[in-house]
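*Asks:* Below: one structure in structure tokens.
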Amino acid sequence: MSEPDNEKSSCCGPGYASPQEAMEAPSEKLLYSIAIYTGTGIQKPDYLVTIDADPESPNYSQVVSRLEMPGIGDELHHMGWNACSSCHDDAGMERKYLLLPGVRTSNIHIVDCGSDPRFPQLHKVIKGAEIKTKTNLSAPHTVHCLGSEIIISMLGDAEGNAPGGYLHLDKNFEIVGRWENSMGSIKFGYDFWYQPRHNVMVSSEWAAPNTFMPGFDLEEVGHLKYGREIHFWDFEKKEPKQTFYLGEDGLIPLEVRFHHNPDSSHGFVGAALSANIIHWWKDAVGDWHWEKIIDVENEPHPEWPIPIPGVISVILLSMDDRFLYFCNWLHGDIRQYDITDPHKPKFTGQVWMGGLLGKATEVNDVKITGGPQMIQLSLDGRRLYVTTSLFSTWDNQFYPEIRTNGGCMLMVNCDTETGGMEIDPNFVVDFGKEPNGPSRCHETRYPGGDCTSDIWL
């Protein structure tokens, strides 16, 4: 079987034996990113772009291929690999297929990125109608592989009501059924991450699809239609075991990240609306605890009746678990913190792009519409790729010009020794200049894995 250029060859399966080995892998040469027309008024399918990330290439920072989905209106959002380091010992597996769920249609597109990494091809589509019929689930979000199988968080039932559940696929992308044995008293779904050595999965909360899809209404937060809890699961039993109510410090907890070190119990979640970073860990007797470790203050704005919250839309950890990064989508900044001591993070870097505060309306000769939203870090921790679209209806609400300007991708150079960040002047992908008109860009992946794909058993 062929392997992508930057996947380490070995006698074993995909991924890496350890986070340290991942950090020593070759640099990414290609990027895959989602581009969407849903919500733009352009009646074209959403698509997957392949971007040249090799600084020695004449096509550096350019889109080298585009793969359209079969239908219109999917709203591609997050994506994930069929295999990661959790099946490193399985020589029969290969990190070959990228799963691209459509949040609105519930279609899940299986894309072959291994046969020709520069020109991915559609392998299979799991129809949303089939998923709804067989599992009563809709609105797929986070994709994680589990050994040779796949789990996808589904944010709603077939009618778009919460809490949804988890779709279970086998290695041939056939529907097994629902993964969980019980949702317990969980009200909403969103992201999840598991840490097998502690027999734990942590899940977070957004809202019911029927609530978030039309756009954001602050009153619905007060009416408890958005989440403010995180849930600790017994991973082997596939059922929730403990819930932490985060209150006003945890309004809309989104992206969940454990340390990459599989022995560690430390993890983090970014609460979007309250703009807080929540840290959790397990003590010596096996009890879980949480604390707020970072609080981003709201900022005044002359056109807003209330100060603007940061809206922490994404967080991630470097592969060595030293640095935490997160985006304030409405403020327009990306922050870097040294979390060597996870209880006492140290602010080490910040860059600005877009946002509502007007601090960086143009970067690398491109007008930035939107703010830093999704980020993906290179395995060595030196390059952070950033895109600007959150979700179509929310984009249109807070950044209406994105319809005509489109999104963009930038790269931030990160100092891994002492900390610090700088926007790279030579890398920019302007999705406002796409052949079929301005599109928006969301999540990014690399053929050889990245800092949010791999989990070690």
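*Asks:* I'd like the residue in the stretch 291-334 that is touching a His at 6+ places or on another chain (Cβ under 6 Å) and crowded, with 24+ Cβ neighbours inside 10 Å and, out of all such residues, is nearest to G370 (Cα to Cα).
*Replies:* G310
*Asks:* Here's something else I'd like to know. Pick out the one residue from H231, H260 that is in contact with a strand residue (DSSP E or B) (Cβ under 7 Å, 6 or more places away or on another chain) and closer than 28 Å to L384 by Cβ. Even if it seems obvious, please write down each step before you answer.
*Replies:* Working: H231 fails: closer than 28 Å to L384 by Cβ.
Exactly one of H231, H260 is in contact with a strand residue (DSSP E or B) (Cβ under 7 Å, 6 or more places away or on another chain) and closer than 28 Å to L384 by Cβ, namely H260.
*Asks:* G184 fails exactly one of the following numbered conditions: (1) small (G, A, S); (2) within 21 Å of the chain's Cα centre (by Cα); (3) under 30 Å from T105 (Cβ atoms). What is the number of that condition?
*Replies:* (2)
*Asks:* Out of (1) under 21 Å from the mean Cα position of the chain (by Cα); (2) buried (at least 22 other Cβ atoms within 10 Å of the Cβ), the odd one out for W179 is which?
*Replies:* Failed condition: (2).
*Asks:* Let me ask something additional. I need the strands (runs of 3 or more DSSP E) fully contained in the stretch 161-237, keeping only those with at least 2 residues that are aliphatic (A, V, I, L, M).
*Replies:* Numbers: elements: 165-169, 175-178, 192-195, 200-203, 229-234.
Passing ranges, in order: 165-169, 175-178, 200-203.
*Asks:* How many residues are under 17 Å from T444 (Cα atoms), in contact with a Gly (Cβ under 9 Å, 6 or more places away or on another chain) and not basic (K, R) if we restrict to the stretch 75-99? Show your work before the answer.
*Replies:* Just the residues of the stretch 75-99 that are under 17 Å from T444 (Cα atoms), to begin with: 75-84, 95-99.
From the residues that got through so far, the ones that are in contact with a Gly (Cβ under 9 Å, 6 or more places away or on another chain) too are 75-77, 81, 83-84, 95-99.
Right, trim to not basic (K, R) and you get 75-77, 81, 83-84, 97-99.
Total meeting the criteria: 9.
*Asks:* Among the numbered criteria (1) closer than 19 Å to S86 by Cβ; (2) assigned to a loop (DSSP other than H, G, I, E, B); (3) among the charged types (D, E, K, R); (4) at pLDDT 95 or above, which single criterion is violated by E7?
*Replies:* If we test E7 against (1) closer than 19 Å to S86 by Cβ; (2) assigned to a loop (DSSP other than H, G, I, E, B); (3) among the charged types (D, E, K, R); (4) at pLDDT 95 or above, just (4) comes out false.
*Asks:* Scan the stretch 348-359 and tell me whether some residue there is on the phi < 0 side of the Ramachandran plot, touching a residue at least 12 places away in the same chain (Cβ under 8 Å) and buried (at least 24 other Cβ atoms within 10 Å of the Cβ).
*Replies:* Yes, the stretch 348-359 contains at least one residue that is on the phi < 0 side of the Ramachandran plot, touching a residue at least 12 places away in the same chain (Cβ under 8 Å) and buried (at least 24 other Cβ atoms within 10 Å of the Cβ).
*Asks:* Let me ask you something else. Looking at the stretch 89-124 only, could you name the residues that are under 12 Å from F173 (Cα atoms) and surrounded by fewer than 20 Cβ atoms within 10 Å (Cβ to Cβ)?
*Replies:* From the stretch 89-124, those under 12 Å from F173 (Cα atoms) are 97-99, 108-111, 123-124; that's our starting set.
Result: I110, H123, K124.
*Asks:* Could you please let me know if A83 is more than 21 Å from D46 (Cβ to Cβ), assigned to a loop (DSSP other than H, G, I, E, B), within 18 Å of the chain's Cα centre (by Cα) and of a type in the set (A, V, I, L, M, F, W, C)? Full working, then the answer.
*Replies:* Details: more than 21 Å from D46 (Cβ to Cβ): yes; assigned to a loop (DSSP other than H, G, I, E, B): yes; within 18 Å of the chain's Cα centre (by Cα): yes; of a type in the set (A, V, I, L, M, F, W, C): yes.
So A83 fits the description; yes.
*Asks:* All but one of (1) touching a helix residue (DSSP H, G or I) at 6+ places or on another chain (Cβ under 6 Å); (2) crowded, with 16+ Cβ neighbours inside 10 Å hold for G215; which doesn't?
*Replies:* For G215, the exception is condition (2).
*Asks:* Given the conditions (1) crowded, with 22+ Cβ neighbours inside 10 Å; (2) at pLDDT 95 or above; (3) more than 25 Å from G437 (Cα to Cα), report the number of the one that H77 does not fulfil.
*Replies:* All conditions are met except number (3).
*Asks:* Can you confirm whether T50 is over 27 Å from W193 (Cα atoms) and either buried (at least 19 other Cβ atoms within 10 Å of the Cβ) or of a type in the set (V, I, T) (or both)? Give the derivation first.
*Replies:* Working: over 27 Å from W193 (Cα atoms): no; either buried (at least 19 other Cβ atoms within 10 Å of the Cβ) or of a type in the set (V, I, T) (or both): yes.
For T50, the condition - over 27 Å from W193 (Cα atoms) and either buried (at least 19 other Cβ atoms within 10 Å of the Cβ) or of a type in the set (V, I, T) (or both) - is not met.
*Asks:* Being under 22 Å from the mean Cα position of the chain (by Cα), among the small types (G, A, S) and over 24 Å from E130 (Cα atoms) is the filter here, so list the residues in the stretch 86-107 that pass it.
*Replies:* S86
*Asks:* Would you be able to say whether some residue in the stretch 414-422 is closer than 27 Å to C84 by Cα, within 20 Å of the chain's Cα centre (by Cα) and β-branched (V, I, T)? First the steps, then the outcome.
*Replies:* First, the residues of the stretch 414-422 that are closer than 27 Å to C84 by Cα: 414-416.
Narrowing the set further to residues that are within 20 Å of the chain's Cα centre (by Cα) leaves 414.
Okay, now just the ones that are also β-branched (V, I, T), so none.
Checked the stretch 414-422: no residue is closer than 27 Å to C84 by Cα, within 20 Å of the chain's Cα centre (by Cα) and β-branched (V, I, T).
*Asks:* Could you check F391 against (1) surrounded by fewer than 17 Cβ atoms within 10 Å (Cβ to Cβ); (2) among the hydrophobic types (A, V, I, L, M, F, W, C); (3) under 19 Å from the mean Cα position of the chain (by Cα) and say which number it fails?
*Replies:* Result: F391 passes all but (1).
*Asks:* Does Q373 count as more than 15 Å from the chain's Cα centre (by Cα) and of a type in the set (S, T, N, Q)?
*Replies:* Values: more than 15 Å from the chain's Cα centre (by Cα): no; of a type in the set (S, T, N, Q): yes.
No: the conditions fail for Q373.
*Asks:* Right, next: With N298, N261 as the choices, which residue is more than 23 Å from W394 (Cβ to Cβ) and not hydroxyl-bearing (S, T, Y)? Explain how you work it out, then say what you get.
*Replies:* Numbers: N298 fails: more than 23 Å from W394 (Cβ to Cβ).
Of N298, N261, the one residue that is more than 23 Å from W394 (Cβ to Cβ) and not hydroxyl-bearing (S, T, Y) is N261.
The values are calculated or read from the model by the stated rules, or taken from the named source; none is laboratory data. Given the structure is predicted, the values throughout are model-derived calculations rather than measurements. As a convention, Cβ positions derive from the backbone with ideal geometry for all residues, glycine included, and neighbour counts pool all protein chains shown.
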